[in-house]
Amino acid sequence: MAAQGNGSNGGIGAAKTRLTRGDVAAGATIARAGKLAGNPYLPEVATVLEIIDETPTIKTFRLRFDDPEVQKNFSFAPGQVGQLGIFGVGEATFAISSKPSEKEFIQFSVMKAGEVTKALHNLSVGDKVGVRAPMGNGFPVEAWKGKRILYVLGGIGSAALKATIEYTLEHRADYAGITILYGATHPTNFTYWYDVKEWQKRDDIELVLTIDRDCEGWQCDVGLVPSVLERMAPSPENTIAITCGPPIMIKFALISFEKLGFTPEQTYTTLEKRMKCGIGICGRCNVGPKYVCVDGPVFSLAELKELPDEL
Amino acid sequence: MAIKYLKADALPALLEALAKNARVVAPFKRDGVVQFEPWQSGKDVELDVLLAKQSPKEWVFPQCETYLKFGYRMEEPAQGATAGTATGAEGEAIGGEGAAAVAAGAEPAIPHETVEVEALNEAPAQVIFGLRPCDARGFVQMDQVFGGYGGFYFDPLYNSRRAVTTLLAVTCRDPRSTCFCTALGGCPAGQEGVDALFTQVEGGFVVEPLTEKGEAVVGTAGGDLGDATEAQAAEANAVKAEATGKVDVPFALEGIRDHLHDNIDDPGWHDLCMRCISCGTCTYVCPNCYCFSINDELVESEGERYRVWDNCFNPLYTEETSGHNPRAQKSNRFRNRFSHKFWYYPDKYDSLLCTGCGRCIMHCPTRIDIREVLRIMGAAPGAAAERAATTAVTPAATGAPTGAPAPTDGKEA
Amino acid sequence: MSRQDHIREFAAKALTEGRVDYFIGWKQGHNASEVVPAFVKEAAAVDQLVWNELCHHNLVTFLKRNMPDPAGAKIGVCVKGCDSRTLVALLQEELIDRDRLYVVGVPCDGIIDRRRLEKEFADEIVAVSCSDGRVSVATRKGNEKEFAKEEVLLDACTRCRYPNAVYADDVAGPPVPEPDRDGAKPDWSDVAGYESLSDDEKQATLEKVYSACVRCFACIHVCPVCVCWDKCVNRSRQPELVEQKVGTKQKLLFQMIHMFHVAGRCPSCGACDRACPVEIPLYLLHRKMNKEIYDMFGFEPGTKLDEKPVFQLFDVNDRFGD
Amino acid sequence: MADTTTTEAGGAAFEAAPGGNAAAGANVAAATGDSGDRPVKIIGIVCNWCSYAGADTAGVGRFRQPANVRLVRVPCTGRIDPLFALKAFEKGADGVLISGCHPGDCHYSEGNYYARRKFELLERLIHHLGIPKERFKWTWVSASEGQRWQKVVTDFVAGVEKLGPREGRAL
């Protein structure tokens, strides 16, 4: 678990984002996208290829780096994040939600909330943005091989887990089982509905969809995610539980996991914090001695329990 | 390296010589306030006042620094572009042959905006004269952070400036009552981070070059800088020893990190932060508080991105867009600063983020005393309450006049 | 009984009776030249409370929104005359709950300007004491000097019109003589020098003086009547009235925002001035503002509990404009 | 330290900076090569119901008026914080004109009664912030007073033009 906390990227052939002090002294720079190599503050300019309206408040942006070399060499580990920004407005941190194997574009899903996200929602295809990615540690998907994976996600939380879900689905044979419990307040509030429909077609995974309150035409479960989870009563045996969603959902999902017998080491979540630099310097995203931008955003519950109550 | 001697009246000439090739920064008094400022011919360096209001960190890590400039430009469509391609979300471009194909094919054949981005990084060679060993040590502590988190990310802005900065420290002759460098492993004549150490002795300075950069300074001075006599060197040593003896050791460093960890939920944090007004003075005068914020400004089509000092006492520092604030309480933010210096940072970099300069004590509007905080919260959990009781002010011990009757009483009587 | 004894007695009584959860007064700081705010929770600890010529902190600061800990605590507080005016300004706008307060007024005959003393020595001041109108100062190196008290008073104290608290539940000892307020207008001579400058000189002076600002927000956070301190428009990006950049433009606008937002509530207590780590004379421009407000309305902020600040009221008979 | 002022008292620190700033201002203007030639820029902050409509009336009536004024429309003068004017100066305006309904005519009954107290304070203080009085004006223009609007704007612009553009100023 210690290695995880220290930001192992799971070895997914991702670029080496961490250098030792010796590497730096020897003049090595971080193998990040193109120009960023020497200057982690300099965003790579990318163009908006496509904008998908996911829900009334969430849009997905598919971007391509303007520098073809950068686009070609870009790789990341599932669960890693990036700083997506508009020059003149600012940057904010979002999970990379494209498939790790996707080479043609990089994708972020953005909920309209603040200054930057509002401006992002006003973008059109062809507009320019700045991207600094990848950042953070990602999920230890390699270490999970041979285990059953239980995803519990709600609302925009799906964006943080999308890449990981897609990765494990692509490498389905490596995992003993995959269960996805996905909740939303209303059927129109499911992000990636087009992909969810694809998942529904697969018979090698278990997919449970739930909405908070019943509504006409809805065929799947009804109920809050934690209560559906307890109804499902998945066995903790050889299982990794991963949750992400609104803070209140995470809070109760973690309680449910505990009830179901999941140990803190088996339970993972990914944190969200206000970030500025994204590279472990500017100081604001710390939870005790851990910086969410570099030590996280992925933490096991065991690691979180060690930290001050500042989530 | 040989110990040198510089006559006091030769100092301006030395600074003048240094100023030929570099910006020389030194403490000057303006309107009664001592601050580090660029040296100009004729200005007298202020060395009698022990500490400038702010540490010289802003000369390596400026309070506000623009690091990106960008401009939006209208770009004419490439020749032969298809007019009126849908801007919808169908994404025909996906799977195209790179950015060129996108620019030519999938985008509307009308002029569209591109953005030009330029990274800025100004790093003029500079010499900081007249800082104290604690200030120099502050740079060493910040070096770790900007050197990259565990060696991960290297900060080009700080490091390029730091690389061309020479630190000429002056030994503290008269440490203040707020100084506690020796408790943290420092010393009024500390050499950590110092390129050449100047010690004031009768009639001048004993100069000890400690690094190549320091030697270069000695080279610049030329004939003004002769070898120190044995008597001068001995005097310098005596000055150092005397100064070191004058620094109080208000707490034992040992165990503080663990005790801060154990006391994380201690109600004592609330008591200690009662008089905190949640401003940022302590962090802005600190020689190594380095937290910053990044913002953009855009005027019409031209803009810039800059980083600017921020501080963990700012209530908006951690506030998220949703309105949720992980450190909404003053006591959370208060705890974070001290824990960062003596627990979080040591965990990462195996050193401390405090040099014991005492500026935060001197300039805090309510004189919150970091030594008191550490004495109480850095004590074993059981002992914390006890120590809190003993730190209650004891006027007798300090010979305070507060015990003396106030004049108002006299009138009443 | 000295005023200090009165304060201790009132504090002990209020704490013992459960009238307050904690009592805010002053205590000695890390040496005998400093006094800091004290928060006393138990009657047994009231002996740390002091009253002397160094008690410059305006403790009303610790009553404003988000400051009480726990929120909703019943608080006892000591106020000098000027402090009480800020308290009244807050009460006028119902920004604090009068029922949760216990106010001890401390008649005051002047507070020492410690910064003025500091300028007299290169060395650190470690002890300041005052008796019979003489202030004696000792430094760490053993230098000693004596000053006449009136020479080293805070500017605000030399022109004080309200030496006694205008609102208090109890008063620590007999009041000091009140100046003749009805007969004499306030003395604004301190701003005359600035007023006499030309517009260009004023601008140059402001730029020079305020360029020292580090935007630490000490002035805003210490200001007792600056109540939106954690939602301050100076920090807001939406709307963005002032850029977060740190240049002379932004520093000046930042200070103007503070000044105009406390217009009609600021009694020029000088807390901002004393809190400023880079010693910007913030007090003076606030005095100038108060002079204009006095000329316009004959209004002195925070003096009567049943008044409202002038900018929250109007009078159809106001004679302003053309 | 010849170039410093004293700080014996708060007041003394506010004594004139060396040399005034006439010279400094001129320097900056000279350096930017932008001295006095450009037309003055004036920000007009007007209420929706009277002065904006009044300006409209002036336009419809084809009353000739200088084109230096850019209007910012707000619901009511009561909405105008004096800082809007300072912000305009900070952003480079050469003059600020505020106008709303005549007292008694406020669309919201009393917004302008509150407003005029604030404007009066700003007017009294503005030259103490280093901005000449002639660069700031507040007045009342009703929806039907197209001609009055023309006169207000013409007079104000003429006054500001006499002073010329503001250059090299912090505020």
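The values are calculated or read from the model by the stated rules, or taken from the named source; none is laboratory data. Computed from a predicted structure; not experimentally measured. Backbone-built Cβ (ideal geometry, glycine too); neighbour counts: all protein chains shown.
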Of D:GLY104, D:GLY61, D:GLY100, the only residue that is within 14 Å of chain C (Cβ to nearest Cβ), within 15 Å of D:SER142 (Cβ to Cβ) and surrounded by fewer than 21 Cβ atoms within 10 Å (Cβ to Cβ) is D:GLY104
Could you check segment C:194-214 and list, in sequence order, the residues that are in contact (Cβ under 8 Å) with a residue 24 or more places away in the chain, within 12 Å of C:LEU284 (Cβ to Cβ), touching a Leu at 6+ places or on another chain (Cβ under 8 Å) and at the interface with chain D (Cβ under 7 Å from one of its Cβ atoms)?
C:TYR194, C:LEU206
Residue, nearest to B:ASP143 (Cα to Cα), within segment B:188-209, restricted to residues that are surrounded by fewer than 22 Cβ atoms within 10 Å (Cβ to Cβ) and either at pLDDT 95 or above or within 19 Å of the chain's Cα centre (by Cα) (or both):
B:GLU192
Since C:PHE254 meets every condition but one in (1) within 23 Å of D:LYS133 (Cβ to Cβ); (2) assigned to a helix (DSSP H, G or I); (3) not acidic (Asp, Glu), which condition does it not meet?
(1)
How many residues, within segment A:283-306, are touching a strand residue (DSSP E or B) at 6+ places or on another chain (Cβ under 7 Å) and under 15 Å from B:HIS340 (Cβ atoms)?
1
Looking only at segment C:5-24, decide whether some residue is among the basic types (Lys, Arg), part of a helix (DSSP H, G or I) and within 14 Å of another protein chain (Cβ to nearest Cβ).
yes
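Residues checked against (1) at the interface with chain B (Cβ under 7 Å from one of its Cβ atoms); (2) crowded, with 24+ Cβ neighbours inside 10 Å:
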position: C:VAL35; (1), (2): no, yes
position: C:ALA43; (1), (2): no, no
position: C:VAL46; (1), (2): no, no
position: C:THR61; (1), (2): yes, yes
position: C:ALA73; (1), (2): no, no
position: C:VAL79; (1), (2): no, yes
position: C:LEU90; (1), (2): no, no
position: C:GLU93; (1), (2): no, no
Can you tell me which residue within segment C:215-244, out of those that are more than 20 Å from the chain's Cα centre (by Cα) and hydrophobic (A, V, I, L, M, F, W, C), is nearest to the other protein chains (Cβ to nearest Cβ)?
C:LEU241
Pick from C:GLU292, C:GLU300, C:GLU307: which is within 7 Å of chain D (Cβ to nearest Cβ) and over 30 Å from B:ASN295 (Cα atoms)?
C:GLU292
Does C:LYS245 count as surrounded by fewer than 24 Cβ atoms within 10 Å (Cβ to Cβ) and in contact with a Cys (Cβ under 7 Å, 6 or more places away or on another chain)?
yes
Would you mind stating whether B:PHE70 is crowded, with 18+ Cβ neighbours inside 10 Å, in contact (Cβ under 8 Å) with a residue 12 or more places away in the chain and not in a loop (DSSP other than H, G, I, E, B)?
yes
Of the residues that make up segment B:58-65, is at least one within 14 Å of chain C (Cβ to nearest Cβ), buried (at least 16 other Cβ atoms within 10 Å of the Cβ) and assigned to a strand (DSSP E or B)?
yes
Has segment A:211-223 got any residue that is out of contact with any Pro (no Cβ under 9 Å at 6 or more places or on another chain) and of a type in the set (Phe, Trp, Tyr)?
no
Go through the residues of segment A:257-267 one by one and say whether even a single one is surrounded by fewer than 15 Cβ atoms within 10 Å (Cβ to Cβ), modelled with pLDDT of 90 or more and hydroxyl-bearing (Ser, Thr, Tyr).
yes
Could we say that C:LYS64 is assigned by TED's automatic domain parsing to the domain that holds C:GLY302, in contact (Cβ under 8 Å) with a residue 40 or more places away in the chain and charged (D, E, K, R) here?
yes
Taking only pairs six or more apart or across chains, which ones have beta-carbon atoms under 9 Å, a first residue in segment A:278-293 that is more than 7 Å from chain B (Cβ to nearest Cβ) and at positive phi, and a second residue that is in a loop (DSSP other than H, G, I, E, B) and surrounded by 24 or more Cβ atoms within 10 Å (Cβ to Cβ)?
A:GLY278/A:PRO40; A:GLY278/A:GLY136; A:GLY278/A:CYS285; A:GLY278/A:CYS293; A:GLY278/A:VAL294; A:GLY278/B:TYR153
Among strands (runs of 3 or more DSSP E) completely within segment A:14-87, the ones holding 3 or more residues that are at pLDDT 50 or above and outside the structural domain of A:VAL129 (by TED's automatic domain parsing) are none
Would you check which residues across segment A:257-276 are part of a loop (DSSP other than H, G, I, E, B), over 13 Å from B:TYR317 (Cα atoms) and either within 14 Å of chain B (Cβ to nearest Cβ) or free of Cβ contacts under 8 Å to residues at least 24 places away in the same chain (or both) and list them?
A:LEU271, A:GLU272
Of a type in the set (A, V, I, L, M), touching a residue at least 24 places away in the same chain (Cβ under 8 Å) and outside the structural domain of C:ILE24 (by TED's automatic domain parsing): does that describe C:VAL166?
no
Looking at segment D:151-171 only, could you name the residues that are closer than 18 Å to D:GLN65 by Cβ and surrounded by fewer than 22 Cβ atoms within 10 Å (Cβ to Cβ)?
D:LYS151, D:THR154, D:ASP155, D:VAL157, D:ALA158, D:GLY159, D:GLU161, D:LYS162
How many residues are touching a Gly at 6+ places or on another chain (Cβ under 9 Å) and more than 10 Å from chain A (Cβ to nearest Cβ) when one looks only at segment B:313-342?
3
Count - residues of segment C:131-157 that are over 24 Å from C:ASP273 (Cβ atoms) and exposed (fewer than 11 other Cβ atoms within 10 Å of the Cβ)
4
Those residues of segment A:197-248 which are of a type in the set (S, T, N, Q), outside any loop (DSSP other than H, G, I, E, B) and touching a strand residue (DSSP E or B) at 6+ places or on another chain (Cβ under 7 Å), in sequence order:
A:GLN200, A:THR210, A:THR239, A:THR243
Restricting segment B:66-80 to residues that are away from chain C (no Cβ under 14 Å) and modelled with pLDDT of 90 or more, the residue that is nearest to B:ASP135 (Cα to Cα)
B:PHE70
Scan segment C:192-222 residue by residue and report those that are buried (at least 23 other Cβ atoms within 10 Å of the Cβ) and either more than 26 Å from C:GLY247 (Cα to Cα) or among the charged types (D, E, K, R) (or both).
C:LYS202, C:ARG215
Take the residues in segment A:93-150 that are β-branched (Val, Ile, Thr) and over 22 Å from A:PHE190 (Cα atoms), then tell me which one is nearest to the other protein chains (Cβ to nearest Cβ).
A:VAL125
Which condition number in (1) within 10 Å of another protein chain (Cβ to nearest Cβ); (2) modelled with pLDDT of 95 or more is the one that C:VAL103 fails?
(1)
